[in-house]
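The values are calculated or read from the model by the stated rules, or taken from the named source; none is laboratory data. These numbers were taken from a predicted model, which means no experiment stands behind them. Positions of Cβ are generated from backbone atoms using ideal geometry, with glycine treated the same way; all protein chains shown enter the neighbour counts. Just so you know, the surface numbers come from the protein's heavy atoms only, side chains and all, with ligands and any DNA or RNA stripped out. Shrake-Rupley method; radii C 1.70, N 1.55, O 1.52, S 1.80 Å.
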Amino acid sequence: FSCNLSDLLCCLLGLLYQEYRDKSTRQEIETRRLQDSQTDPEESSSSEETPSEAEPTSTTESKAPPQISLLRNSNSRFNLWQDLPEIRSSGVLSILQPDEIKLQEAMFELVTSEASYYKSLNLLVSHFMENERLKKILHQSEAHILFSNVLDVMAVSERFLLDLEQRVEENIVISDVCDIVYQHTVNHFSVYITYVSNQTYQERAYKQLLQDKPAFREVISQLELDPKCKGLSFSSFLILPFQRITRLKLLVQNILKKVEEKSDRETTALDAHKELETVVKACNEGVRKMSRTEQMISIQKKLEFKIKSVPIISHSRWLLKQGELQQMNGPKTSRTLRTKKLFREIYLFLFNDLLVICRQIPGDKYQVFDSAPRGLLRVEELEDQGQSLANVFILRLLENADDREASYMLKASSQSEMKRWMISLAPNRRTKFVSFTSRLVDCPQIQCVHPYVAQQPDELSLELADILNILDKTDDGWIFGERLHDQERGWFPSSMGEEILNPKIRAQNLKECFRVHKSDDSQRRKLGSRNRQ
C-alpha cells in the first residue's frame, strides 16, 4: 500500500484549495439537507461519509518540492478513502464497522485537504510572490506587507504534510492523525498568528497598490488569467492561511464527533482541538487588535465633550455599534404632535464597556452630552404604540455622567435596527429563543448556504455550512444567531441560510457540539455570553 500511496492520494491535487474547500462545504450542505428531509437521521447515514471533494483534473505543477510525494501529479480519480483500489482489494471494508469507516474518511479528508492547501500556497509563492515583473514593481517593504511570512507558513505546511503522509503509509487503516495535529499546532502553528495578524495591513496595502500603481494592477490581472489559477483571484490566495487554520479546527471537530467516546483517539482529538482553538482565537484577536486601535483613535478625534471628558482610547476597549437614533422630546403622552417635532436625532457610540451619547455637529464632529458604563444600561421595548411610536424602546442609564439615573425614549429606523440596538446595549437581556449554552433540549437552527461578510461590528461573518442557533429574528429579514462550533454571536440576513426543521437533526447537532467542547465546558459558557457582545 505504501509504495502506491502517493499516486492514490494526490488524485485530489488537480484542485486548488479554494476549489477543494468550496466543493467540500457545498457537499456538506447537501448532506445535511438530505438528513433534514428525512424523519430519522439514521436513514441518511449512508450519505454521511466524508463528502466527495470533487472530480479532480490533472495539472502540471511547477517547482513542487520532490520530497513531498503527495504533490506529484496523477491521473487517478478517487475521492474517498474507501474508493482507493488498495482499500477495496484488501477486504478491510467488510471487516470494519460503518462508524470506523466514517472515521477513516474524516481523517483521510484532513490529509488530502492539507495537500491541496499546500498546492495553493506553493502557487501563491511561485506564481505571484516570485514573479520577476512583480518583484521589480514592488518595493521590498511593500512586498513584505503583501506576502508577510508566507514562506514560513508554507514550510510549516510542508513539514505537517510529510508527517501526515508518513502516518497514512504506516497501515492500510489510519490509526490516528490528531496526535500529529496536536504536536504541530503546539510547536509550529504560531506562524499562522503572525500571518493573520498582518491581514488588516495586507488588505490596505493591496488596495493602495491597485490604486497607485497601474503596472502592479496590470501584472496581477495577467497572472490571475493564467490557467493554473483556475479563474481565482490573487486575494483568494492571500487569505488562504486564515481559512486553513479555521477549517483545520473544523476537520478535527469532524473527527472528534466520530471517534469512540472515552478512547485514546478521543483524548488526542480533544487535545488537538483545544490547541487549534487557542491558535484561531489568537488569530482573530490579532486581526481585531490592529483594526480596533486605529478605529478608536479615529473616534477619539471626532468627539467633543459637553460634559466631563471621558478617555476613549484603551487597550481593553473596542467599538460594538454606532449609529443614529431618534430621541423623543417631551412626555410620552404627546402623541398628537407631528413626528418631526416629536423626535430629534442623536448619535450613539457603544463600546464593550461604555456608552457615549452625542449629537452630530458640523465638521463631522460629535458633541457628547451623556455617557454611562455598559453594565449599567437597561432596555425596554414599547409595544402596540401606534405608527409614530413603532420601533421605539426605552434606554435607562442607571448611573449616567452626572451620577444619576436617566431615561431616553429612542426610535429606530426599523424593527431589526431596534432589536440590534437593544441586544447590543443589554446583552444579558433574554432573547426570543434561548442559547444552546443554556443546554436547552431544542432551539431553532439554521445552516449557512451563502457566505456572508459582516458589514457592522454587531454582525457575524458566515462561512458555507456553518450551523447556528437562532436566538432572535425580525420581521424584516435579520437573524441574531450563535454559531455552534465557536459560540460567536451576531446578526446576519436570514436569506443567507436555511432553517433546519428536523428536531432530531437539531438535537444531534447540539449533542455533537457539547461533546466537542466538553474539555473546556466552563469556558464555553463564558464565551457564549461574551463573544460578539
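Once you order the gyration tensor axes a ≥ b ≥ c over the Cα atoms, which shape class does the range 170-225 get: rounded for a/c under 1.5, otherwise prolate or oblate by comparing a/b with b/c? Before the final figure, lay out the partial values.
Details: a/c = 6.55, a/b = 2.24, b/c = 2.93.
Note, shape of the range 170-225 comes out oblate.
Measuring from label point to label point, each 7 Å out along Cα→Cβ, what is the residue 149 to residue 235 span in nm?
The modelled label-to-label distance comes out at 2.5 nm.
May I ask you to rank 144, 485, 450 by accessible area, largest first, using a 1.4 Å probe over the protein chains only? Mind dumping the intermediate values first?
Working: 144 125, 485 25, 450 90 Å².
In descending accessible area the options line up as 144, 450, 485.
Give, in nm to one decimal, the length gained when the segment between residue 187 and residue 507 is fully stretched (0.36 nm per residue of separation minus the Cα-Cα distance).
Values: separation 320, 0.36 × 320 = 115.20 nm, distance 3.64 nm.
Length gained between residue 187 and residue 507: 111.6 nm.
Given H placed 1.01 Å from N in the peptide plane, which residues other than close sequence neighbours of residue 370 have an amide H under 5 Å from its amide H?
Here 357 satisfy the definition.
Non-local amide H neighbours of residue 459 (under 5 Å, H modeled in plane, Pro and chain starts lacking H): which ones?
Placed amide hydrogens put 491 under 5 Å from residue 459.
How much solvent-accessible surface does residue 178 expose, in Å² to the nearest 10, with a 1.4 Å probe and all protein chains in place?
0 Å²
Collect residues whose amide H, placed 1.01 Å from N in the peptide plane, falls under 5 Å from the amide H of residue 488; neighbours closer than 5 in sequence don't count.
The list, which skips near neighbours in sequence, is 483.
What ranking of 264, 163, 36 comes out by heavy-atom accessible area, probe 1.4 Å, highest first? Working shown, then result.
On the way: 264 130, 163 60, 36 35 Å².
Most to least solvent-accessible, the answer reads 264, 163, 36.
Using protein chains only and a probe of 1.4 angstrom, how many square angstrom of residue 313 are accessible, to the nearest 10?
Residue 313 exposes around 90 Å² with every protein chain in place.
Between residue 130 and residue 290, what's the calculated FRET efficiency when r is the beta-carbon distance and R0 is 30 Å? Round to 0.05. Don't skip to the end; give the middle numbers.
Details: r = 27 Å, r/R0 = 0.90.
That gives a FRET efficiency of 0.65.
Among the listed pairs 258/504; 281/301; 230/281; 136/230; 274/473; 321/365, give every one whose C-alpha distance is greater than 28 Å. Before the final figure, lay out the partial values.
Details: 258/504 18 Å; 281/301 30 Å; 230/281 31 Å; 136/230 25 Å; 274/473 32 Å; 321/365 17 Å.
In this structure, 281/301; 230/281; 274/473 exceed 28 Å between Cα atoms.
Could you order 16, 210 by accessible surface area, starting with the largest, using a probe radius of 1.4 Å? Write down the numbers at each step before the final one.
Details: 16 5, 210 50 Å².
These residues rank, largest area first, as 210, 16.
Could you list the trypsin sites (Lys or Arg not before Pro) in the range 150-209 that lie in coil according to DSSP, counting only those with at most 16 other Cβ atoms within 10 Å of their Cβ?
Values: sites: 159, 167, 204, 207; in loops: none.
Answer by residue number: there is no such site.
How big is the dipole moment of the range 115-250 about its Cα centre under a simple scheme where the beta carbon of each Lys and Arg is +1, that of each Asp and Glu is -1, and everything else is neutral? Debye, nearest 20, please. Mind showing how you got there, number by number?
Values: 15 positive and 16 negative charges, 112 e Å.
Roughly 540 debye, rounded to the nearest 20.
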